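**Q** Here it is, the structure, as structure tokens.
The values are calculated or read from the model by the stated rules, or taken from the named source; none is laboratory data. Everything numeric here is computed off the predicted structure, so don't read it as measured data. Every residue, glycine among them, receives a Cβ derived from its backbone with ideal geometry; neighbour counts consider all protein chains shown.
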Amino acid sequence: MNKKLIATVLSTTVLCSALVNASATDVIEQNGIVYAPDHSVFFVDVNDGYSWALQSIDYLANAGIINGKEHCVYNADADLTRAEFITMLSRAYNMTNYANDDNFADVEKDKYYASAVSAAKNLGIVSGDENGNFNPEASLTRQDAMVILKNTLEKTGINFNKEALKTYKDSSDIASYATNAVSALTNSKVVYGIDGNLMPKETISRAEVAVLLYRSLMLEKNGLGEPMYIEKADVINLCVGDEFYPNVKITNYKDGQTFAGLYNCSKLYGQGEEFYAVLNENASMNDKISWENNILSVNGETMTVAEDMTSICIDPYSLLSNEPISTGDEYSKATVSVQDGVVTAIYYSK
């Protein structure tokens, strides 16, 4: 579902999305087990409380657009700085080539964000304050995030209609310089209000920015040719062993269905840059695994192990080893993914 944002008619500098999935035409998994995350597979602190941001965060982490802190922590509730946001945008939209020695007075050239800020300045995406400063370490406000993001999206060739700003309880709090950006992104459903409020001057969190950026990357034209984010409940992230597949369309999706945990998968396959899957019932974790003297026994039956087999702990989602592990005190539950009579992955739970 990843869309390349490429302008077709623009005489000015144009950016395009850095997100291009490798072309996939083969069957990836058939009659095996896959995992639909109900918590982040990249960050230990993005758990059940972030269901609204989970797909966005893991999608962007997989693409290398966002990074965590130490010990696989994302700090989802923490404020995002202006420099961090520009760095994310630079990664998402290939801004690096537009950087040079021209920068804001308060951006030191040896800072990790110096190149990204320089590129954004040269592209006209950001401007300084009355003193020529960018204030890179300052927390980013919601309205400033919208202004910077709209400027970036316009550089990709997206044209927003001049629609009136929707009415919010706190519309009067929106700065005049941000009105057009707020209107564009709310009408395109990149931004939603919270209980009828936009809170434009409040700081924006790292989780909220991930959702904002994900929706922007997923913009597509509606029936009227307008850029629009369309939420799709049948599109989810999936894991197969230690491989991550973003934005997989579930072809047998039923209205109101949600996905979390291990599933029997009839087929996971790719077409061009898109991924599709047929998911059936949840997979039970009641297999008993014995691995002794390089012999795998599953529920008392000897099984053949694939050369690239992986052992996975599902919470937190992590690779245990490239060989089986016997179930016991530490990992008491397991389920085996078998293709053509060969064990390709074993999923464990404590």
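**Q** Just to verify a result, which residue in region 101-147, among those that are among the hydroxyl-bearing types (S, T, Y) and buried (at least 19 other Cβ atoms within 10 Å of the Cβ), is nearest to A178 (Cα to Cα)? Can you show your working first?
**A** Taking region 101-147 and keeping what is among the hydroxyl-bearing types (S, T, Y), we get 112-113, 115, 118, 127, 139, 141.
Restricting the remaining residues to those that are buried (at least 19 other Cβ atoms within 10 Å of the Cβ) gives 113, 115, 118, 141.
On the way: Y113: 24, S115: 25, S118: 22, T141: 11 Å.
In this case the residue turns out to be T141.
**Q** How many residues does region 183-196 contain that are in a loop (DSSP other than H, G, I, E, B) and among the β-branched types (V, I, T)?
**A** To start, the set of residues in region 183-196 that are in a loop (DSSP other than H, G, I, E, B) comprises 188-193, 195-196.
Checking which are among the β-branched types (V, I, T) leaves us with 190-191.
Residues that pass the stated criteria total 2.
**Q** Okay, next question. How about region 332-348: which of its residues are under 25 Å from V44 (Cβ atoms) and surrounded by fewer than 19 Cβ atoms within 10 Å (Cβ to Cβ)? It would help to see each step written out before you state the result.
**A** Filtering region 332-348 for residues under 25 Å from V44 (Cβ atoms) gives 332-335, 337, 345-348.
Within region 332-348, S332, K333 qualify.
**Q** Residue by residue through region 315-339, note down the ones that are over 27 Å from S266 (Cβ atoms) and either in the same structural domain as H71 (by TED's automatic domain parsing) or in a strand (DSSP E or B) (or both).
**A** S321
Results for (1) under 30 Å from V235 (Cβ atoms); (2) at pLDDT 95 or above; (3) surrounded by fewer than 17 Cβ atoms within 10 Å (Cβ to Cβ), shown as yes or no for each residue.
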position: K249; (1), (2), (3): yes, yes, yes
position: D255; (1), (2), (3): yes, yes, yes
position: G261; (1), (2), (3): yes, yes, yes
position: G270; (1), (2), (3): yes, no, no
position: E274; (1), (2), (3): yes, no, yes
position: A283; (1), (2), (3): yes, yes, no
position: K288; (1), (2), (3): no, yes, yes
position: G300; (1), (2), (3): no, yes, yes
position: S326; (1), (2), (3): no, yes, yes
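**Q** Just to check your reading of the model, which residue among G225, G193 is farther than 21 Å from I65 by Cβ, under 22 Å from the mean Cα position of the chain (by Cα) and modelled with pLDDT under 95?
**A** Numbers: G225 fails: under 22 Å from the mean Cα position of the chain (by Cα).
Being farther than 21 Å from I65 by Cβ, under 22 Å from the mean Cα position of the chain (by Cα) and modelled with pLDDT under 95 holds for just one of G225, G193, which is G193.
**Q** Further question on the same structure: Identify all residues within region 196-219 that are polar (S, T, N, Q) and more than 12 Å from the chain's Cα centre (by Cα); write none if there are none.
**A** Scanning region 196-219 gives N197, T203, S205.
**Q** Here is a further query. How many residues are farther than 17 Å from F85 by Cβ, among the β-branched types (V, I, T) and in contact with a helix residue (DSSP H, G or I) (Cβ under 9 Å, 6 or more places away or on another chain) when one looks only at region 180-222?
**A** Total satisfying the criteria: 1.
**Q** Report the residue count in region 231-271 for those that are in contact with an Asp or Glu (Cβ under 6 Å, 6 or more places away or on another chain) and among the small types (G, A, S).
**A** 1
**Q** Given the criteria part of a loop (DSSP other than H, G, I, E, B) and over 27 Å from V46 (Cα atoms), does N180 qualify? Steps first, answer last, please.
**A** Working: part of a loop (DSSP other than H, G, I, E, B): no; over 27 Å from V46 (Cα atoms): yes.
No; evaluated as a whole, the condition is false for this residue.
**Q** Still on this structure, I have one more. With respect to G49, determine if the residue is surrounded by fewer than 14 Cβ atoms within 10 Å (Cβ to Cβ) and either in a helix (DSSP H, G or I) or at pLDDT 90 or above (or both). Give the steps one after another, and end with the answer.
**A** Details: surrounded by fewer than 14 Cβ atoms within 10 Å (Cβ to Cβ): yes; either in a helix (DSSP H, G or I) or at pLDDT 90 or above (or both): yes.
Criteria met by G49.
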